[in-house]
Amino acid sequence: MMKISWRLGSWMLVATILSGCGGDSGSKPHAEKKLDTTTRQASPALAMNDDETPETGGVVPTSAIGEPSQKSDVDEDETRIAAPEKNSPEWFILQITRLKLRPLGDEVDAFSQSPDKQAELRRERNEQLVNLATEAIARTHKNKTEAGQRVFDLAVHHLLEAELQLALTGDKEHIDAIYEHASSLYERDPKSKAAIEAGQVLISFARLNAQRFGQQEPKWLEEYGRLARQFAKSFPQEERQAIPILLAAGQSCEFHGLTTDAIQSYATIQEQFPENPAVDRVTAILRRLNLKGRPIELAGPTLGGGYVNAAEMTGKPMLVVFWTTQAQPFVRQLPHLRELLGQINSERLNVVSVNLDDDDNESAVQTFLETNGLNWQTIFQTDAEKRGWNNPVATYYGIQSVPLFWVVSAKGTVVDASNNVQQIEPLLRKLMISRQTPQSEQK
C-alpha cells in the first residue's frame, strides 16, 4: 500500500480512510472523526433542524426513501419518506444536498454580495461540503453492500467536486488533496466508479488550468497531457472516455507548440487501443508531427486545371501554406505573410498552397487570391467529396486547423512547421539570404 503524506485539513481523514479501506485481514479500523455539529449548525449555511426536509428540488438519497406507509383512513395513497437516522451516512448526504440548495450567506440574493464576499462564502461552503462528505466516507468505506457502495460513491463525488473548486483557487493543500484522493481510491479498487471519477477530476483540474494559464505556464499543458495518458493506462476499460481525453490533450499541446507532449498523447491511443477506429486518425496526425527531416508528399490539381507535385519541385526551398478564405487566424496573419514574401526573390522560393474551403466555389477562392495579390500555385479539389478537411493531403497528414506553414528544403525534406508565420520567418529568411560564393561552389 502506498504511503500518503499526512496534511492538515479535513481531507487528511479521507486520505487515511481510503488508503486503508482495501485491506481485509490484519488491518485495524480507523477511528472515525466526530463531526462537530454544534459548531457547524452555528453557521448560517448549515443551520437546520433535525426534522427538516429538503427544499423543493432537493435530491433525497435512494437509501433514505422508506417503504410506503400503511394506508390510512384519511388518504389511502399517502406515502411517507423516512428521514435518515442522524449521523448515518445517508444523513450526511442529506445535509450536503440541503447545503448545496441554500443561497450563499444570509442573503437570499447571493448576487448582492461583492465578488470577494461571494468567493469567501463559496470557499467556506466547499470546505463544509468536504467535511460532510468526509464523515459519510468514514461510515461507508468498509461497507461492501450495494446500498453502502452507492452512498460511498456519492460521498466521494461530493468530496471531489468541492476539493476541485478549492484547488482551482490555488490552495496548495487542496491541490495535494485531489492528487492523494486519486491515488488512494485507485489503490482501493482500480476498477471502481470512485477511482475513475477521481482520475477525471485530476484531468479537469489540469485542463482548466491549461486553459487559463497555458500560454504563460506551459507546465499546465504538460500536466494535462501527462494525466490524460495516465488515465488511459490506469483505466483501459474506459476506452470511450480515454480517447476523447487524449485527443483533446494532444490538440491543446500541439496548438501551443508542445509537439513532443502532443505526440506522446496521440501515440498512447495507438498503444492502448489499437483496434479503435480513432487509430487511423492519430496515425495521420503522427505522420504530420513527425514530418521534420522527412520528404514531403504533396500533389494535387490546381486552380485553372493544372497539376502540382512537390516531388518535381526540388532544387530550391518551398513554402507550403494550408488555408481557407474564412479562417480568421489565417486572414489576420496574411498581411505579414504577404509582406515577408514580397521581400524574397520569387526565383529562389516556391510557394504552394492547399485550399481547404469546404464548398466548391472555385471563383470565390480565385477572387480571394487576386484581391490579396497572391500568385501561389494552389491545390484545389473540385470534387465535393474531397473538399475541406476531406482533401487527400489534409487526411493523409491529419491536418486539423489552419493556417499551417511548412518550410521545405531544396532537397524536398521538411525543415520546420508552425501555425504562426512569425515562428518560421527567421528560418525562411536564412534560407533566402544565404547565397553560394565562388569558394562554396568549388566545395
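The values are calculated or read from the model by the stated rules, or taken from the named source; none is laboratory data. Everything quoted here is computed from the prediction, not taken from an experiment. Don't worry about glycine lacking a Cβ; one is built from the backbone with ideal geometry, like all the others, and counts go over all protein chains shown.
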Close pairs (6 angstrom Cβ cut-off, 6 or more residues apart or separate chains): acidic (Asp, Glu) in region 359-376, modelled with pLDDT under 95 and surrounded by fewer than 12 Cβ atoms within 10 Å (Cβ to Cβ) anywhere: ASP360/ALA384
Unique match (being touching an Asp or Glu at 6+ places or on another chain (Cβ under 6 Å), under 15 Å from GLY398 (Cα atoms), at pLDDT 95 or above and assigned to a helix (DSSP H, G or I)) among ALA267, ALA262: ALA262
Conditions (1) surrounded by 22 or more Cβ atoms within 10 Å (Cβ to Cβ); (2) more than 26 Å from ALA136 (Cβ to Cβ); number of the one not met by ILE263: (1)
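Is there a residue in region 173-191 that is touching a residue at least 60 places away in the same chain (Cβ under 8 Å), in a helix (DSSP H, G or I), of a type outside the set (Asp, Glu) and more than 22 Å from PRO89 (Cβ to Cβ)? Spell out how you get there, then give the answer.
Applying the first criterion (touching a residue at least 60 places away in the same chain (Cβ under 8 Å)) to region 173-191 yields 173-174, 176-177, 180-181, 183-185, 187-189.
When the remaining residues are screened for being in a helix (DSSP H, G or I), the result is 173-174, 176-177, 180-181, 183-185, 187-188.
Applying the additional criterion that residues be of a type outside the set (Asp, Glu) yields 174, 177, 181, 183-185, 188.
The next check asks that each one be more than 22 Å from PRO89 (Cβ to Cβ); those that pass are 174, 183.
Yes, the conditions are met somewhere in region 173-191.
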Region 290-306 residues that are at negative phi, paired with ones that are exposed (fewer than 13 other Cβ atoms within 10 Å of the Cβ) (beta carbon under 6 Å, 6 or more apart): ALA299/ASN309; PRO301/TYR307
Selection status of LEU94, outside any loop (DSSP other than H, G, I, E, B), closer than 25 Å to ALA195 by Cα and either charged (D, E, K, R) or modelled with pLDDT of 50 or more (or both): yes
Helices (runs of 4 or more DSSP H) wholly inside region 270-379 containing at least 3 residues that are among the hydrophobic types (A, V, I, L, M, F, W, C), closer than 19 Å to VAL414 by Cβ and under 32 Å from the mean Cα position of the chain (by Cα): 278-289
Filter result for ALA299 (at pLDDT 95 or above, touching a Cys at 6+ places or on another chain (Cβ under 7 Å) and among the aliphatic types (A, V, I, L, M)): no
